[in-house]
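Here is the structure we will look at, set down as C-alpha coordinates.
The values are calculated or read from the model by the stated rules, or taken from the named source; none is laboratory data. Everything numeric in this text was worked out from a predicted model, so none of it was measured. Cβ: placed from backbone, ideal geometry, glycine included. Neighbour counts: every protein chain shown.
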Amino acid sequence: MANSERVATAAHLHVALRRKAGRVTDTDWMAENDDYAREVVRVARAKAREDGDAQLADLASKLEALLPTGAQPASPSVPPLAQRASRNLRESNAPGAGDAERYIGGLR
(Lines give C-alpha, C1' and ligand atoms only; values in the text may rest on other atoms or scores of the structure.)
Protein backbone atom coordinates (compact mmCIF):
# COMPACT_ATOMS: atom_id res chain seq x y z
CA MET A 1 0.00 0.00 0.00
CA ALA A 2 2.81 2.41 0.80
CA ASN A 3 4.31 1.94 -2.68
CA SER A 4 1.05 2.87 -4.43
CA GLU A 5 0.81 5.94 -2.19
CA ARG A 6 4.39 6.84 -3.06
CA VAL A 7 3.68 6.44 -6.80
CA ALA A 8 0.60 8.65 -6.50
CA THR A 9 2.45 11.34 -4.54
CA ALA A 10 5.36 11.19 -7.00
CA ALA A 11 2.90 11.64 -9.88
CA HIS A 12 1.33 14.69 -8.25
CA LEU A 13 4.75 16.21 -7.58
CA HIS A 14 5.81 15.46 -11.16
CA VAL A 15 2.80 17.32 -12.57
CA ALA A 16 3.29 20.26 -10.22
CA LEU A 17 7.00 20.58 -11.05
CA ARG A 18 6.28 20.38 -14.76
CA ARG A 19 3.61 23.09 -14.62
CA LYS A 20 5.32 25.44 -12.19
CA ALA A 21 9.01 24.95 -12.88
CA GLY A 22 9.17 23.39 -16.33
CA ARG A 23 11.02 20.43 -14.78
CA VAL A 24 10.36 16.95 -16.09
CA THR A 25 10.91 14.10 -13.65
CA ASP A 26 10.64 10.33 -13.82
CA THR A 27 7.69 9.29 -11.67
CA ASP A 28 8.53 5.57 -11.67
CA TRP A 29 12.15 6.17 -10.72
CA MET A 30 11.06 8.62 -8.03
CA ALA A 31 8.89 5.86 -6.55
CA GLU A 32 11.70 3.29 -6.69
CA ASN A 33 14.90 5.20 -5.92
CA ASP A 34 15.16 6.97 -2.57
CA ASP A 35 18.13 9.14 -3.59
CA TYR A 36 16.37 10.38 -6.71
CA ALA A 37 13.21 11.08 -4.71
CA ARG A 38 15.20 13.08 -2.14
CA GLU A 39 16.77 15.15 -4.91
CA VAL A 40 13.36 15.86 -6.46
CA VAL A 41 12.11 16.90 -3.00
CA ARG A 42 15.11 19.25 -2.69
CA VAL A 43 14.40 20.80 -6.11
CA ALA A 44 10.69 21.14 -5.34
CA ARG A 45 11.38 22.84 -2.01
CA ALA A 46 13.82 25.25 -3.61
CA LYS A 47 11.24 26.19 -6.26
CA ALA A 48 8.53 26.49 -3.59
CA ARG A 49 10.71 28.89 -1.57
CA GLU A 50 11.57 30.89 -4.68
CA ASP A 51 7.92 31.29 -5.72
CA GLY A 52 6.29 31.18 -2.29
CA ASP A 53 4.27 28.15 -3.40
CA ALA A 54 2.77 26.37 -0.39
CA GLN A 55 1.15 23.63 -2.51
CA LEU A 56 4.48 22.59 -4.04
CA ALA A 57 6.13 22.61 -0.60
CA ASP A 58 3.28 20.46 0.74
CA LEU A 59 3.69 17.89 -2.05
CA ALA A 60 7.44 17.76 -1.39
CA SER A 61 6.79 17.18 2.31
CA LYS A 62 4.30 14.40 1.54
CA LEU A 63 6.81 12.57 -0.64
CA GLU A 64 9.58 13.04 1.91
CA ALA A 65 7.34 11.57 4.63
CA LEU A 66 7.00 8.41 2.52
CA LEU A 67 10.77 7.96 2.18
CA PRO A 68 12.59 5.66 4.59
CA THR A 69 14.54 7.38 7.33
CA GLY A 70 17.82 6.39 8.92
CA ALA A 71 21.47 6.40 8.04
CA GLN A 72 22.16 6.55 4.34
CA PRO A 73 25.12 4.67 2.88
CA ALA A 74 28.17 6.87 2.36
CA SER A 75 28.54 5.65 -1.19
CA PRO A 76 26.71 3.13 -3.28
CA SER A 77 28.29 -0.27 -3.40
CA VAL A 78 30.04 -1.06 -6.65
CA PRO A 79 29.46 -4.55 -8.01
CA PRO A 80 32.61 -6.68 -8.34
CA LEU A 81 32.23 -6.86 -12.12
CA ALA A 82 32.18 -3.06 -12.38
CA GLN A 83 35.24 -2.83 -10.12
CA ARG A 84 37.13 -5.28 -12.34
CA ALA A 85 36.12 -3.48 -15.53
CA SER A 86 37.12 -0.13 -14.06
CA ARG A 87 40.51 -1.48 -12.95
CA ASN A 88 41.12 -3.09 -16.37
CA LEU A 89 40.31 0.18 -18.15
CA ARG A 90 42.66 2.16 -15.90
CA GLU A 91 45.46 -0.35 -16.44
CA SER A 92 44.97 -0.54 -20.21
CA ASN A 93 44.99 3.25 -20.53
CA ALA A 94 48.08 3.72 -18.39
CA PRO A 95 51.04 5.30 -20.23
CA GLY A 96 53.34 2.70 -21.71
CA ALA A 97 50.85 -0.12 -21.32
CA GLY A 98 51.74 -1.95 -24.49
CA ASP A 99 51.31 0.97 -26.91
CA ALA A 100 53.38 -0.78 -29.55
CA GLU A 101 51.14 -3.84 -29.57
CA ARG A 102 47.90 -2.01 -29.02
CA TYR A 103 46.41 -2.31 -32.49
CA ILE A 104 48.28 -5.32 -33.86
CA GLY A 105 45.81 -8.06 -34.57
CA GLY A 106 42.89 -6.11 -33.17
CA LEU A 107 40.26 -3.66 -34.17
CA ARG A 108 41.10 -0.02 -34.50
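Being at pLDDT 70 or above, surrounded by fewer than 16 Cβ atoms within 10 Å (Cβ to Cβ), under 19 Å from the mean Cα position of the chain (by Cα) and part of a helix (DSSP H, G or I), is that true of even one residue in the range 22-30? Yes, the range 22-30 has at least one match.
Residues in the range 50-67 that are part of a loop (DSSP other than H, G, I, E, B) and touching a helix residue (DSSP H, G or I) at 6+ places or on another chain (Cβ under 7 Å): Asp53, Leu67.
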